[in-house]
Every structure is written in C-alpha cells, then in structure tokens.
Amino acid sequence: MSILDRLFSRNKQIRNTEGSWRGPFFGMGELGNWHGIDPHGDGWQRNLNIDAATARHIPTVYACVTRTAELVSQCYVTHVKDTDKNPQHIRTSAAYRVLRNPNSYQSGAEFFYNLVATALFEGEAFAIATRNERSEINSLHLLPKGSCTPMVDPETKEIYYSIGESPLAPTGIDYMAPARDIYHLKFHTPRHPLIGESPIKAAALALGINVALSKNQAAFFEQMSRPSGILSTDMSLNAQQMQQLRAAFEEQAKSWKAGGMPILGNGIKFQQLGVSSQDAQVVQAQRMSTEEICRVFGVPPPLVGDLSHATLNNTETLISHFLSTSLGSKLEIIERGLDRLFGLGPNEYIELDTQAL
C-alpha cells in the first residue's frame with residue numbers, strides 16, 4: 001500500500017466509519033445559487049417546486065378548485081330532522097336562516113364557493129360566528145388567509161383560535177375565540193389534526209412540470225416562431241423576383257378567409273408546416289401533467305376541459321363517480337362540521353342537496 005493510500009485510509013478512520021453521516025449536502029442551481037439537498041434523496045428536479053401563490057395561477061389547478069367550489073355552491077342547504085315517519089325539513093331554525101344568508105354582504109352560494117375554494121387552495125378555511133342575545137348564531141364571516149390560528153390549552157386541552165385583524169370581522173381587532181364560534185374547514189391533516197394541507201402539496205412535481213413546459217412554449221412562440229408554410233420552386237429566383245412572388249402570394253392569401261383559393265403557376269408549390277414530433281411530445285407531456293393534477297384533486301379531466309379521452313358515455317360515468325366519491329366525501333365533511341357548529345341534536349343534521357347537480 002502506497003503512502004497516499006495509507007494516509008487516505010487513516011483519515012477515513014479518524015473522521016467517520018463506513019456508512020456514517022457525511023453531510024451536510026449542497027447543490028448548485030441553474031442560476032448559480034447553492035441549496036441544501038436531502039441526504040436520502042438525489043436532488044433531482046429541485047427547481048420544480050411550486051409555492052401556493054404560483055399554483056393559483058396554473059389553469060388546471062384553478063379549474064380543479066373552482067369546479068369543486070362551483071358544485072358545492074349549487075347544493076341547496078337544508079336542515080333535516082328525523083322523525084318516526086318521514087324526515088322533516090326545518091325552515092325556521094337559525095341554522096337554515098344563517099346558511100341561506102350568512103351575512104349582509106354574501107349569499108349562501110357565495111359563502112360556500114369561497115369557503116371551499118380557500119380550503120382547497122390553502123389547505124383550510126376559517127369562518128367566525130356571531131351570536132344574538134339568545135346565544136344563537138346569527139351570522140358567519142369568512143376570515144382572510146393567515147388571520148386565524150388554532151391553539152390548544154396545554155392544561156385543559158380546550159381549543160381556541162387566535163383571530164387576526166379583518167375589516168369584515170365583527171370587531172375588526174385581534175382577539176381569542178373559542179372553538180364553538182369558529183367553523184374550521186379542513187380535508188387532509190397529515191401534520192396535525194388542526195392543520196389542513198392542500199392537494200397542491202402532493203401535485204408539486206406535476207405543477208412544476210406544467211409550469212416548465214408552459215414557459216418553454218412561451219419562449220418558443222416569442223423567440224423561435226415559425227411560418228405556417230413555405231413556397232418552393234425549382235426555378236432560380238433573384239431578390240426582386242422573390243419579393244414580387246411574396247407580394248403576389250400575400251395578396252391572394254387575403255381572400256382565404258372568404259373561401260378564396262390561390263392559384264400557383266410555374267411549378268411553385270405551397271408546403272404547410274405541421275407540428276413536429278418534438279412539439280407533439282411537449283403537448284403530450286403537458287397533457288400528462290394536467291391528468292396528474294386532476295388525479296390529485298380527484299376531479300375528472302373532462303370537468304376541467306380536457307376532452308382528449310372523453311366520450312359521451314364515459315364522461316357521464318366519470319362525473320357520476322366524482323359526485324359519489326370525491327365530491328361526496330367533501331360534502332360530508334362540510335355537513336358534519338356545520339352540525340357541530342350549530343350544536344344540532346342527534347336526530348338533526350345539515351344536508352347539502354345534490355339534486356341540482
């Protein structure tokens with residue numbers, strides 16, 4: 001063994017043993033900035049992470065969120081009480097009145113639309129309730145993003161919410177509210193039972209691919225645009241003849257929109273340029289990212305305008321499946337949360353009627 005090999009082996013023994021920690025690990029991005037790398041990962045596609053603000057402006061994400069919110073807002077709110085004979089619909093309760101008209105500036109449909117959209121974009125949504133002199137809820141107010149934080153009393157384990165400043169809230173100042181006065185809508189809570197997480201987290205890689213492909217296409221059309229076709233001939237043309245030919249063809253091409261047909265002579269041929277195989281692969285990759293985003297949100301692609309694999313039969317089946325699974329689960333979570341907020345009895349419940357859908 002050479003001297004260098006012995007020194008390297010000795011240095012390895014002094015520093016750490018085989019398989020031990022050798023971090024931290026860093027990598028350099030395409031702009032020359034250093035960033036940390038997960039020791040259990042390989043740093044692949046580190047620049048495809050998308051934050052919530054950027055995700056809002058991706059058409060597929062916006063369509064998935066708004067379609068779900070639109071469908072929920074169409075559901076008719078009813079207060080049902082089970083009886084020995086048939087379920088009884090109550091129209092005189094505080095729950096029915098408030099959910100139909102939550103406040104002075106929103107209708108029930110607007111309230112549920114923004115409630116669900118915020119919960120899907122941000123992972124959770126908050127609404128604060130005000131009460132009358134009989135301790136009945138008489139209004140509901142949506143709270144802006146980041147203005148409400150759940151807190152747990154370490155001794156009593158009771159839940160409170162810290163309300164930030166909101167110009168539309170009852171008092172408009174910071175204060176603490178008990179859990180009974182807060183409607184906290186959340187669907188998936190992987191980190192903590194009181195902290196919701198948006199599906200955008202799971203779709204981050206697909207979102208990054210979608211944004212990267214969109215930027216690539218925008219750069220192509222801005223800087224590397226191509227003509228729709230070319231004129232070719234076996235004749236030798238000088239500069240003046242080429243200009244005359246271009247002017248004559250452009251003059252004839254003006255009548256195409258009106259159904260006209262250009263006539264080309266002297267062996268001149270018009271060759272239309274189509275989509276290349278590379279461009280088709282880009283379109284296919286973007287379509288795959290769209291399908292991946294829809295899969296994460298649980299929304300059928302035809303609902304967001306992707307009709308590439310849609311037929312009349314399977315579209316109806318997909319939408320029916322969406323109503324009975326993905327949307328049905330969200331409606332159940334919303335309904336049971338409202339039951340708890342209004343303190344309904346064991347034989348009473350709020351129902352969002354899907355008959356309008």
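The values are calculated or read from the model by the stated rules, or taken from the named source; none is laboratory data. Computed from a prediction, not measured in an experiment: that's the story for all the values here. Cβ sites come from the backbone with ideal geometry, for glycine too, and all protein chains shown count toward neighbours. Quick note on the areas: whole protein, heavy atoms, side chains included, nothing else; ligands and nucleic acids left out. Shrake-Rupley method; radii C 1.70, N 1.55, O 1.52, S 1.80 Å.
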Original post:
Given the structure, is S198 more than 18 Å from T66 (Cα to Cα) and either in a loop (DSSP other than H, G, I, E, B) or over 23 Å from the mean Cα position of the chain (by Cα) (or both)?
Top reply: no
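Looking at F342, F297, which one is in contact with a helix residue (DSSP H, G or I) (Cβ under 6 Å, 6 or more places away or on another chain), surrounded by 12 or more Cβ atoms within 10 Å (Cβ to Cβ), within 19 Å of F111 (Cα to Cα) and not basic (K, R)? Spell out how you get there, then give the answer.
Numbers: F297 fails: within 19 Å of F111 (Cα to Cα).
After ruling out the rest, the residue left standing is F342.
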**OP:** Hey, could you check segment 173-205 for residues that are open to solvent by less than 30 Å² (accessible area, probe 1.4 Å) and of a type in the set (S, T, Y) and say which is farthest from T54 (Cα to Cα)?
**Re:** Y183
Subject >> Unique residue being assigned to a loop (DSSP other than H, G, I, E, B) and under 25 Å from the mean Cα position of the chain (by Cα) when the list is L318, L338, L307, L352 >> reply: L307
Original post:
Hey, does segment 261-268 have a residue that's part of a helix (DSSP H, G or I) and modelled with pLDDT under 80?
Top reply: no
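Being closer than 20 Å to R336 by Cβ, part of a strand (DSSP E or B) and without any contact (Cβ under 8 Å) to a residue 12 or more places away in the chain is the requirement here; does H89 meet it? Steps first, answer last, please.
Details: closer than 20 Å to R336 by Cβ: yes; part of a strand (DSSP E or B): yes; without any contact (Cβ under 8 Å) to a residue 12 or more places away in the chain: yes.
Criteria met by H89.
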